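Visitor: If you scroll down you'll find the structure; I have some questions about it.
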């Protein structure tokens, strides 16, 4: 039986062994129902059965639980963007095997006056009515190769936020190979989270990133200084079955780390074979939940974005961003930052001039940010759409339709597994 009327009311029956797990994401409700009861609810909504007190009561409960407190904003204006990403340099001292920006490497550093002008424009009551903003300092390249510029960006952004009355959060991502005492003091004083891209296991780090013996003492030094650190690991076919081991080793190396982000690799050369890609995603699901549980035992939050997104409502996967690149251009995603990258031009929608004037191509911005839950017809009947926002634009630009379908299938199955685990916890 089709459930078009339930879908149109944002109610999704998810098949399970003994009926359906009926999920209403906009109401944050899920319940188990027998097949006949779900079919009855669909008929009631279709108008075939006009009198059914139980169906009326259930629908009233679902509708009453819908809340404006969960963010469902559709992004259509630069004023709605809450995230500014700044790439201080395109230079890097690593050569990671899966680096998304490897083709863009060049000796290019952001002009400080460009950074200051864009911060002043972005963190401004004239630009936005939002109260909370986020600044991410990323690569591109390695930000700690230019510590003075990176420190200036941090201080100026917080000063501007205080002046304009914004709640500003900030994160700096590094490969963990460079220690800078002055920058460390800045991170502590300004409560900036330091994200360290590190594969934790020595054999994996040395095969995928190298420099294990260089990174470990640097991270320890930042931790000794009191810097708030999140470790970020890329999950590849080489470590996907070792997630629990990675959590245990991270706790042994850095027991003070309480946040561990896992990020699934995106690489067409690794997943040229779709069967390999599907097996990989299945392996990730099979090992993630054990790793997450092991993290709980250590007081560590082990997560992947798809796990966090189940507690959010998204019309757009990442909400879009203003990414300031060293060339003074804006792209919609920090994964495209250099003219050397073949897809870069298609992601540019603005720039800052030497006079500090910011220019936005509104039509280009609108076309890029329109990659949301309304982009694909298949999203209409998908219960997971509110937690993936139509999927990642960067993924859509590098993978073909068959590979994207695998990611969609995984997102649904992973989300279903989370909901089933929560349902079992509530009912037992």
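Visitor: How do 249-258, 191-200 rank on mean C-beta neighbours within 10 Å, highest first?
Guide: On the way: 249-258: 16.7, 191-200: 21.9.
Highest mean packing first, the order is 191-200, 249-258.
Visitor: If you don't mind, another one. Taking the Cα atoms only, what angle lies between the long axis of helix 274-298 and the longest principal axis of the chain, rounded to 10 degrees?
Guide: For helix 274-298, the angle is close to 80 degrees.
Visitor: Could you please state, rounded to a whole Å, how far the C-alpha centre of region 221-240 is from the C-alpha centre of region 315-375?
Guide: 28
Visitor: So, one more: Tell me, what is the percent relative contact order of region 78-364, built from C-alpha pairs under 8 Å that lie six or more residues apart? Mind dumping the intermediate values first?
Guide: On the way: 504 pairs, mean separation 64.8, N = 287.
The normalised contact order for region 78-364 reaches 23 percent.
Visitor: At 37 °C and a viscosity of 0.692 mPa s, what translational diffusion coefficient does Stokes-Einstein give for region 40-194, taking Rh as the Kirkwood radius over Cα pairs? Give it in µm²/s as a whole number. It would help to have the intermediate numbers written out before the result.
Guide: Details: Rh = 18.9 Å.
Using the Kirkwood radius from Cα pairs, D works out to 173 µm²/s.
Visitor: On to the next question. Quick check on region 1-69: of the DSSP beta bridges with both residues there, what percent are antiparallel, nearest 5%?
Guide: On the way: 10 of 10 bridges.
The antiparallel fraction comes to roughly 100 percent.
Visitor: When the convex hull of the C-alpha atoms of region 1-69 is computed, what volume per residue in Å³ does it have? Numbers along the way, then the final one.
Guide: Values: hull volume 5.6 nm³, N = 69.
Hull volume over Cα atoms, normalised by residue count, gives 81 Å³.
Visitor: May I pose another question? How large is the convex hull of the C-alpha atoms of the chain per residue, in Å³? Mind showing how you got there, number by number?
Guide: Numbers: hull volume 65.5 nm³, N = 428.
Expressed per residue, the convex hull around the Cα atoms of the chain is 153 Å³.
Visitor: A further question on this structure: Can you compute the helix-only [θ] at 222 nm over the chain? Use -39500 (n - 2.57) per DSSP H run of at least 4 residues, normalise by all residues, nearest 500 deg cm²/dmol.
Guide: Details: 15 runs with 175 residues, N = 428.
Rounded to the nearest 500, it is -12500 deg cm²/dmol.
Visitor: Write down the percent of antiparallel bridges among all DSSP beta bridges whose residues are both part of region 78-364, to the nearest 5. List each step's numbers first, then the result.
Guide: On the way: 9 of 39 bridges.
The answer is about 25 percent antiparallel.
Visitor: Moving on to the next point. Mind pulling the angle between the C-alpha long axis of helix 181-190 and the longest principal axis of the chain? Nearest 10 degrees, somewhere in 0 to 90.
Guide: Here the helix axis deviates by roughly 40 degrees.
Visitor: Same structure, new question: Once you have the alpha carbon radius of gyration of region 335-428, what is it after dividing by 2.2 N^0.38 Å, with N set to its residue count?
Guide: Values: Rg = 18.2 Å, N = 94, 2.2 N^0.38 = 12.4 Å.
Computed over Cα atoms of region 335-428, the ratio equals 1.47.
Visitor: Please report Rg over Rh for region 145-231, where both radii come from the alpha carbon positions and Rh follows the Kirkwood definition. Display every interim value, and only then the final one.
Guide: On the way: Rg = 14.3 Å, Rh = 13.8 Å.
In region 145-231, Rg relative to Rh is 1.03.
Visitor: To the nearest 10 degrees, how steep is helix 243-253 against the longest Cα principal axis of the chain, on a 0 to 90 scale?
Guide: Once rounded, the angle reads 40 degrees.
Visitor: With a ≥ b ≥ c taken as the square roots of the eigenvalues of the C-alpha gyration tensor of region 268-312, please select rounded if a/c is under 1.5 and otherwise prolate if a/b is larger than b/c or oblate if it is not?
Guide: Details: a/c = 3.06, a/b = 1.97, b/c = 1.55.
It is prolate, given that a/c is not under 1.5 and a/b is the larger ratio.
Visitor: What whole number of Å gives the distance from the Cα centroid of region 181-208 to the Cα centroid of region 121-169?
Guide: 19
Visitor: Picking from 374, 327, 350, which is most flexible by a Gaussian network model of the chain using Cα springs under 10 Å?
Guide: With Cα springs under 10 Å in the chain, the top fluctuation among 374, 327, 350 is at 374.
Visitor: Taking the Cα atoms of region 272-428 alone, what are Rg (to one decimal) and Dmax (as a whole number) in Å?
Guide: Rg then Dmax for region 272-428, in Å: 18.5, 64.
None of the figures in this text is laboratory data; all of them are computed from the coordinates on show. All figures in this text were calculated on a predicted structure; none of them were measured in a lab. As a convention, Cβ positions derive from the backbone with ideal geometry for all residues, glycine included, and neighbour counts pool all protein chains shown.
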